[in-house]
1. Test LYS290 against the stated conditions and say whether it is among the charged types (D, E, K, R) and either touching a strand residue (DSSP E or B) at 6+ places or on another chain (Cβ under 6 Å) or open to solvent by 50 Å² or more (accessible area, probe 1.4 Å) (or both).
2. With the condition kept exactly as written, say whether any residue in the range 153-175 is part of a helix (DSSP H, G or I), polar (S, T, N, Q) and surrounded by fewer than 20 Cβ atoms within 10 Å (Cβ to Cβ).
3. Name every residue in the range 368-390 that is aliphatic (A, V, I, L, M) and in contact with a Leu (Cβ under 6 Å, 6 or more places away or on another chain), in order of residue number.
4. Would you confirm whether or not the range 301-308 contains a residue that is of a type outside the set (Val, Ile, Thr) and under 25 Å from LEU192 (Cβ atoms)?
5. For the range 141-152, which residues satisfy the criterion of being open to solvent by 30 Å² or more (accessible area, probe 1.4 Å) and part of a loop (DSSP other than H, G, I, E, B)?
6. Condition (residue is open to solvent by less than 10 Å² (accessible area, probe 1.4 Å) and in contact with a His (Cβ under 7 Å, 6 or more places away or on another chain)) applied to the range 279-287: is it met by at least one residue?
7. Among the numbered conditions (1) under 16 Å from THR243 (Cα atoms); (2) under 17 Å from the mean Cα position of the chain (by Cα), tell me where SER148 comes up short.
8. Identify, from the list THR144, THR116, the residue that is polar (S, T, N, Q), at pLDDT 95 or above and touching a Leu at 6+ places or on another chain (Cβ under 8 Å).
Amino acid sequence: YLWALTSAEASEHVFRSFAACYFEAMSGLTTTGSSVLSDIEALPRGLLLWRGLTQWLGGGGIVVLFVAVLPMIGVGGKKLFQAEAAGPTHQGVRPRIRETARILWIIYVGLTLLQTLLLRVFGMSWFDAANHTFATLATGGFSTRNASVAYYDSWAIDLTIIAFMFLGGVNFGLYYHLMRGRLRLVWRDPELRLYVALLTVGAAIVAFSLLNVRIVTTAGEAVEPSLAAAIRHGVFQVVSIQTTTGFATADFDQWGFFAKAALVALMFVGGCAGSTGGGVKVIRVLIVLKVVLAELDRAFRPNVVQSVKVGRTPVDPELRLATLAFIILFGAVFLSGAILLMFLEQHQGIDFTTAATASATTLNVVGPGLAAVGPVRNFGWFSAPSLGVMSVLMVLGRLELFAILVLLRRRFWQGE
């Protein structure tokens, strides 16, 4: 791409840095959506299409890995799957890896074609529709426009993307059961119920906090306070952040404390296990809530033996410990990342909000953060070492901590 620019343009372009190119590629493959680019629309279409495809391939690959492959590759793989993917239920949708992967890719491609068609009908070009679909289902967030989804200023497009971001954050194993007509099994899934509840409560909190706020879109247009504007932008940003997609229709960095606090909290929750979303995952939040409630009950009724269940499935002590260990480790990595960024960028006068949300948004594979990494800003101003740190955080967040750390142990490969 730089070869097509003049020598003066190439010398000033962010892609002159290998670290920036690596960060952008890693952001795509891990479906993070953070970008070093300040002018996305200046890129040639071929490069924009490649950015979108990296996210789509990364999202499909992670679904197949955690739903189809890990449960079926021996003792080591099953243990890793139990720790990372499915909470208290440890079964794939089909007995063989090839058949499971085929079904998952059929579902993934089918949803891709459907969303592309809908976005084209509602006014996007075929090129933009395909790219935004790639980023939506993969919960990635790369847009072909500098203003992201706000460029189109369309209720129909916003609602379509909201719906498919939601679908991208759902466990893809449930879609197989849905195809088989097992509606009751899908609706009874406790993780799905909590996922819907968190999105509903989060959207209500953010929308209520925006009722009297003048919203500035990512295209720079000011929207006067109204119930319709609060619902539209509040719901869109809540779904975008919790599913770790990272699309934006408004500069939420200018919103009030409660709205931003809700978005940051949902950023850490993320999507469901077996989805393209990142974060801690809804199932782990559910397990922790169950454990806390059980411990509170035991404090007042120590003689009562009460098992912890998710749905009708008991959560064994080993899984409880693994879940708590994961969350503690996740928090430690997040804080370490923020401290490292503060140290590496001290010459830039970086503030804690920028460092903390940059660490959080890359570890949770979300995309935009707050302050200097907000939805109308970019990551191009970071130094090469900081871009390297955030690239590592993206890998840890996408493949999840245990999935990386366990590969360093010989016993995993021996199946012990």
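1. Working: among the charged types (D, E, K, R): yes; either touching a strand residue (DSSP E or B) at 6+ places or on another chain (Cβ under 6 Å) or open to solvent by 50 Å² or more (accessible area, probe 1.4 Å) (or both): yes.
Answer is yes for this residue.
2. No; the residues of the range 153-175 include none that is part of a helix (DSSP H, G or I), polar (S, T, N, Q) and surrounded by fewer than 20 Cβ atoms within 10 Å (Cβ to Cβ).
3. Passing the criteria: only VAL389.
4. yes
5. ARG145, ASN146, TYR152
6. No, the conditions are met nowhere in the range 279-287.
7. The failed condition is (1).
8. Values: THR116 fails: touching a Leu at 6+ places or on another chain (Cβ under 8 Å).
On inspection, the qualifying residue turns out to be THR144.
The values are calculated or read from the model by the stated rules, or taken from the named source; none is laboratory data. Predicted model only: the values in this text are computed from it and were never measured. Virtual Cβ from ideal backbone geometry, glycine too; neighbours counted across all protein chains shown. When the accessible area is computed, the model is the full protein with side chains, heavy atoms only, and any ligands, DNA or RNA have been set aside. Shrake-Rupley method; radii C 1.70, N 1.55, O 1.52, S 1.80 Å.
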